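A short write-up of the structure that comes next.
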Amino acid sequence: MRIVRLHLLERVVEPLLIRIGVHFGEKSLEKCKECKGKMVEAGEHLYLLPVKLSEKHEESAEYYIRNAKKIQSTDEIPSGTRACRMFIFECQNCGHKIVSVVDFLHVRGSEVLEGGDIYPFDKFKDFF
Amino acid sequence: MKKYNAAYILIQILIVIVLGVGSGFAFVYLTHMKNPLASGIAFSIIFLFFFWLIAMSTTNAYSGKIAKKTLNSETEAQHFEKCSTFITKDSFTLGQILKIDAPTGRVAYISFQNPKQCQIVHASELTNISSSYIKGPFGGTRYVYFQFYYKNKRVRFATFTSRNMYSLSSRQVLEGISKADMFRDILLAAQRTQR
Ligand SMILES: [Zn+2]
């Protein structure tokens, strides 16, 4: 269900908009779910994934933690290999943090959204 | 790379002719039609067309089986180990398989219309390895591919085909381009391995 929603979303909203953090599925990146305070971006990381093209993989924080390999720029992504960006969002009011994972295929400068979700920052504490 | 084997294609044509003409005349004979010769020829043409369509749409299925068997036994005998494989087998297109052995840079090719001959060359013998798409009107495409030349003859593999025009920024086209770029890069990397 989540994947279907993402695909529909992707057709309407470009990955760029998701990046800016308008909405991600039904979960808002704008408002803190703890105190409704404003969430701001507090970090961005780029990783390589051991997945090719549009292959499916387990969609979980644990999967990304186990398999993501840090890279510095999209130039390091071999053609046909998936990558993901992880955005850390922090509440300006209470400091609550979340991680937004955008799983994509990098094709000649364009990014095709293939998956991703929003996860509690706690799960990624030791990862960053 | 030799894509067509005359004998194999002739056999398929012969089978279609025998089945078509045989069914045409059998049909006329069994229904006791008048003018058996004229009706026989007419029905033969109808059945020929029918069997021709069936042959065209199923050749990749049965020829592909033979081709795969040939390719697998040959690449096994030649110790292909870490392979990337690309198969095209859409109906009404030429089925082909490309198998690239990364550690040795060898490339195995087989065409479904020449399914008994597995051709193995080193990637350094290939030239003009590239990936691209055929531009359609309004900046769209319905054909994305990667290709190379071997002895001045082009071998092309489609990674995306469609009856309809797709935008270059569509998911389908971008995924096709990504796949084409990936195989182009696998071939280029194979070229750099020692012969
Ligand atoms: Zn908050």
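The values are calculated or read from the model by the stated rules, or taken from the named source; none is laboratory data. The structure displayed is predicted, hence computed values, not measured ones. For neighbour counting, all protein chains shown are included, and Cβ atoms are generated from backbone atoms with ideal geometry for every residue, glycine included.
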Just one of B:Ser178, B:Ser132, B:Ser169, B:Ser162 is in a loop (DSSP other than H, G, I, E, B) and more than 24 Å from B:Phe80 (Cα to Cα); which is it? B:Ser169
From the residues in the stretch A:60-101 that are in contact (Cβ under 8 Å) with a residue 12 or more places away in the chain and of a type in the set (Asp, Glu), which one is nearest to A:Phe127 (Cα to Cα)? A:Glu62
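Taking the stretch A:83-106 only, how many residues are among the aliphatic types (A, V, I, L, M) and either on the phi > 0 side of the Ramachandran plot or within 14 Å of chain B (Cβ to nearest Cβ) (or both)? Steps first, answer last, please.
Start the filter on the stretch A:83-106 by keeping residues that are among the aliphatic types (A, V, I, L, M), which leaves A:83, A:86, A:88, A:98-99, A:101-102, A:105.
Narrowing further to those that are either on the phi > 0 side of the Ramachandran plot or within 14 Å of chain B (Cβ to nearest Cβ) (or both): A:83, A:105.
Within the stretch A:83-106, residues that are among the aliphatic types (A, V, I, L, M) and either on the phi > 0 side of the Ramachandran plot or within 14 Å of chain B (Cβ to nearest Cβ) (or both) number 2.
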Residue pairs meeting the criteria (Cβ under 6 Å; at least 6 apart or on separate chains; first outside the structural domain of B:Ser57 (by TED's automatic domain parsing), in the stretch B:68-95; second among the aromatic types (Phe, Trp, Tyr)): B:Phe86/B:Phe157; B:Phe86/B:Phe183; B:Thr88/B:Phe157; B:Gly95/B:Phe112
Which of the residues spanning the stretch A:73-111 are in a strand (DSSP E or B), of a type in the set (Val, Ile, Thr) and closer than 22 Å to A:Glu41 by Cβ? A:Ile88, A:Ile98, A:Val99, A:Val101, A:Val102
With away from every other protein chain (no Cβ under 14 Å), closer than 20 Å to A:Leu105 by Cα, touching a residue at least 40 places away in the same chain (Cβ under 8 Å) and of a type in the set (Val, Ile, Thr) as the only criterion, which of B:Thr193, B:Thr104, B:Thr161 stands out? B:Thr161
Does A:Lys69 satisfy being touching a Lys or Arg at 6+ places or on another chain (Cβ under 8 Å) and away from the ligand (no atom under 16 Å from the Cβ)? no
Taking B:Ile87 as the residue in question, decide whether it is assigned to a strand (DSSP E or B) and either crowded, with 17+ Cβ neighbours inside 10 Å or not acidic (Asp, Glu) (or both). yes
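Let's see how each residue does on (1) modelled with pLDDT under 95; (2) closer than 30 Å to B:Asp181 by Cα; (3) away from chain B (no Cβ under 14 Å); (4) over 15 Å from the mean Cα position of the chain (by Cα):
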{"site": "A:Pro15", "(1), (2), (3), (4)": "yes, yes, no, no"}
{"site": "A:His23", "(1), (2), (3), (4)": "yes, no, yes, no"}
{"site": "A:Glu30", "(1), (2), (3), (4)": "yes, no, yes, no"}
{"site": "A:Glu34", "(1), (2), (3), (4)": "yes, no, yes, yes"}
{"site": "A:Leu46", "(1), (2), (3), (4)": "no, yes, yes, no"}
{"site": "A:Ser54", "(1), (2), (3), (4)": "yes, yes, no, yes"}
{"site": "A:Ala68", "(1), (2), (3), (4)": "no, yes, yes, no"}
{"site": "A:Thr81", "(1), (2), (3), (4)": "no, yes, no, yes"}
Looking only at the stretch B:81-119, which residues are of a type in the set (Phe, Trp, Tyr) and modelled with pLDDT under 95? B:Phe92
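Do we have A:Ile88 as buried (at least 21 other Cβ atoms within 10 Å of the Cβ) and within 16 Å of the ligand (Cβ to nearest atom) here? Reasoning before the result, please.
Details: buried (at least 21 other Cβ atoms within 10 Å of the Cβ): no; within 16 Å of the ligand (Cβ to nearest atom): yes.
Criteria not met by A:Ile88.
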